[in-house]
Amino acid sequence: MIQVNLANIRSFVTPNYETELAQRLRIAHDHLQNRDGVGNDYTGWVRLPADYDKDEFARIKAAAQKIQSDSEALVVIGIGGSYLGARGVIECLCSANYNLKKKNTPNIYFTGNGLSSDQMSEVVELLDGRDFSVNVISKSGTTTEPAVAFRFFRKLLEDKYGKEGAAKRIYATTDRARGALKTLADQAGYETFVVPDDVGGRYSVLTAVGLLPIAVAGVDIDALMSGAAAMMDTCANPDMATNPAWQYGCGRYELYRTGKKIEVLAAYEPNFRFMCEWWKQLYGESEGKENKGLFPASVEFTADLHSMGQYIQQGERHLFETVVRMGPSATTNIVPFDEVNGDGLNFLAGKDMDFIKLQAMDGTLLAHVEGGVPNIIVNMERCDAYALGELIYFFEYSCGLSGYLLEVNPFDQPGVEAYKKNMFALLGKPGYEELRQELLAKLNG
Ligand code: PA5
């Protein structure tokens, strides 16, 4: 079970902020539960861990098994909410070095999440001589980055296996009915999975968007969904004492009110890095609008204590930390005794790495709080598929709550369109001629 420890924000906030905010929090909570707040068309994720399409879930598992049996690699094409969750879960549970490990599941290459020609060429090179499949993921079915990448990988598959063979290796996760990808998939006969209408990209990790790649990596998606469902029940409880999402959502909003404008998510496990990326998108896109919102940042400790640690300790006092503590490691590593003790480390001989890490965590916590950085601890008892399902839902629900406290629509992303319009105009997309002239004039001074 996720536990939130707010002891180290108390000296920075109004003593009775929870009572002060209780009524607004209750309204926000009721809007989420009743699905009648701003942006309610996109709150399908609230009940998703219970109300998901069970037939499709079975198809996801079957497709994952097929990919595991006929492919040495899966290429996952998607950007933003269409890949961050899957990558976060796979790296967290299977390792950031997943592709390098000995295993009986396919390598997974994420691409189409940018416009790097070199990155794409590298994936193509890594696929050379290997059997592979492609999971192309785009809710809108029209996003430029994955659409461009898909052209290349579709051709690669068709050149290798022929059109019919390729069609059996392409899995399209997209809208039920709309969009270019859906049309293409139907015409070519690809197996398709649905991003539900009422679930936005950044809330979609527990749909086929995340579940298919996650299952291919061998993660127990039943356990992931069970953990999320348990947290869904916990979060439905309108009670500050027992609802961790209330505690976290309310605490971070109060810190924002007191002038802390940056939230730094930290973990002491490198494998958590892409969960941080997922979290940053979730909170950044949900709250950063109308000139409001905490800026979500992340660090990886203890590595970043030797870089960003300086700023956190003594830089501008406009930030707070949220530290995810992930429970005991799967492995035990005891520091060996050394006769000579040339490095003077015998005081650690016989100690487990986890013990040393824990002291680093506590020491850092005390130093940062002393330095003026409030600290929220999110405790996971352990790190497995069930616990990660809990954590995902916990962060999603807290995000919905704090978006409503902030009085923004946490489920839209109007700002994302601005760059797209300019890019289309500069690329010469039909319909953007006037804007193109305007932009070219600006660029040419
Ligand atoms: O959260 C969101 O909605 C976005 O980040 C999208 O996931 C991202 O823009 C990709 O969109 P699509 O899945 O339509 O290609």
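The values are calculated or read from the model by the stated rules, or taken from the named source; none is laboratory data. Quick caveat: nothing in here was measured; it's all calculated off a predicted structure. Note that we place each Cβ from the backbone using ideal geometry, even for glycine, and neighbour counts take in every protein chain shown. Please note that ligands, DNA and RNA were not included when accessible areas were found on the heavy atoms of the full protein model with its side chains. Shrake-Rupley method; radii C 1.70, N 1.55, O 1.52, S 1.80 Å.
Things worth noting here:
- Vicinal HN-Hα couplings computed from phi for the stretch 266-281 (Karplus, 6.51 cos²θ - 1.76 cosθ + 1.60; Hz; Gly/Pro x): 10, 9, 9, 10, x, 5, 8, 3, 7, 5, 5, 5, 4, 4, 5, 5
- 11 Å beta-carbon shell around A229, net charge (K/R +1, D/E -1): -3
- Linear extension gain, D338 paired with Q119, 0.36 nm per residue minus alpha-carbon span: 74.4 nm
- With Cα atoms as the point set, the radius of gyration and Dmax of the stretch 313-445 evaluate to 25.2, 77 Å.
- Spin-label pair Y419/T302, simplified geometry with 7 Å Cα→Cβ offset, distance in nm: 3.6 nm
- Approximate shape of the chain as ellipsoid semi-axes (Cα gyration tensor, √5λ), whole Å, largest first: 36, 29, 23
- Dividing the helix sum by the residues of the chain, where each DSSP H run of 4 or more adds -39500 (n - 2.57), gives a mean residue ellipticity at 222 nm of -15500 deg cm²/dmol.
- Residue order for R154, R35 - accessible surface, 1.4 angstrom probe, largest first: R35, R154
- Summed side-chain charge close to V195 - residues other than V195 whose Cβ falls under 12 Å, Lys, Arg +1, Asp, Glu -1: 0
- Rounded to the nearest Hz, the phi-derived 3J(HN,Hα) couplings of the stretch 323-334 under the Karplus curve 6.51 cos²θ - 1.76 cosθ + 1.60 (θ = phi - 60°) are 10, 8, 9, 9, x, x, 5, 6, 10, 10, 10, 8, where x marks glycine and proline.
- Carbon + sulfur, % of accessible area of the chain - ligands and nucleic acids excluded, 1.4 Å: 52 percent
- Accessible-area ranking of D41, D304, largest first, probe 1.4 Å: D41, D304
- Shape analysis of the stretch 11-77 places it in the prolate category; the axes a ≥ b ≥ c from the Cα gyration tensor give an a/c of at least 1.5, with a/b above b/c.
- Rolled with a 1.4 Å probe across the full set of protein chains, the surface gives W278 an accessible area near 10 Å².
- Electrostatic tally near G371: other residues with Cβ closer than 11 Å to its Cβ, Lys and Arg +1, Asp and Glu -1, net -1.
- Extension gain (nm, one decimal) between Q437 and D131, 0.36 nm per residue minus Cα-Cα: 105.6 nm
- The order of K357, K163, K429 by accessible area, most exposed first and with a 1.4 Å probe, is K163, K429, K357.
- The H on the amide N of I376, modeled in the peptide plane, is under 5 Å from the matching H of E321, T322, V323, each at least 5 residues off or on a different chain.
- Within the chain, percent of DSSP bridges classed antiparallel, to nearest 5: 15 percent
- Between helix 84-94 and the chain there is an angle of about 60 degrees, using the helix long axis and the longest principal axis of the Cα atoms.
- At the residue level, V335 shows approximately 30 square angstrom of accessible surface with a 1.4 angstrom probe and all protein chains present.
- Over 28 Å between alpha carbons, listed pairs K163/K280; K102/K139; K260/K280; K261/K429: K163/K280; K102/K139; K261/K429
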